[in-house]
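A quick write-up on the structure given underneath.
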Amino acid sequence: MARFYTDADAERVVKELKTIEREAGREQEDKKKEKVCLDIDLLVFDDRILRPEDLQREYVRKGLEELK
């Protein structure tokens with residue numbers, strides 16, 4: 001869980017996060033194989049919740065609370 005500030009838009013941030021995943025060795029078919037070495041998702045951007053389903057996960061809620 002991390003918080004950061006950027007001048008980039010959400011689309012650009014997601015693109016950069018996916019680049020980091022690929023550079024770390026993640027491949028598209030890894031998730032289907034339940035083999036995920038690194039998973040970076042953008043959950044909130046400009047106070048907008050982008051992935052509401054993720055907020056149902058206890059570890060996500062706990063991490064967000066710790067960032068406050």
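Out of these labelled values of Kirkwood radius over Cα pairs in Å, [x] 11.8; [y] 13.3; [z] 12.8, which was calculated from the coordinates shown here?
[y]
Below 8 Å between Cα atoms, with a sequence gap of 6+, how large is the relative contact order for the chain in percent?
Computed value for the chain: 34 percent relative contact order.
Using +1 at the C-beta of Lys and Arg and -1 at the C-beta of Asp and Glu, which of TYR5, CYS37, PRO52 has the Cα lying farthest in the positive direction of the dipole of the chain?
Result: CYS37.
Would you please give the residues with an amide H less than 5 Å from that of PHE45, counting only those at least 5 places away or on a separate chain, with H modeled from the backbone geometry?
LEU50
I'd like the orientation of helix 10-23 relative to the chain: the angle between its Cα long axis and the longest Cα principal axis, in ° from 0 to 90, rounded to 10.
Its long axis makes an angle of about 40 degrees.
Can you tell me the length gained on complete extension of the stretch GLU53 to ARG3, counting 0.36 nm per residue apart and subtracting the Cα distance?
The span from GLU53 to ARG3 would gain 16.1 nm if fully extended.
Bear in mind that the values in this text are calculations on the coordinates, not laboratory data. Note that the structure is a prediction, hence the values are computed from the model and not measured. In this analysis, Cβ positions are derived from the backbone assuming ideal geometry, glycine residues included, and neighbour counts consider all displayed protein chains.
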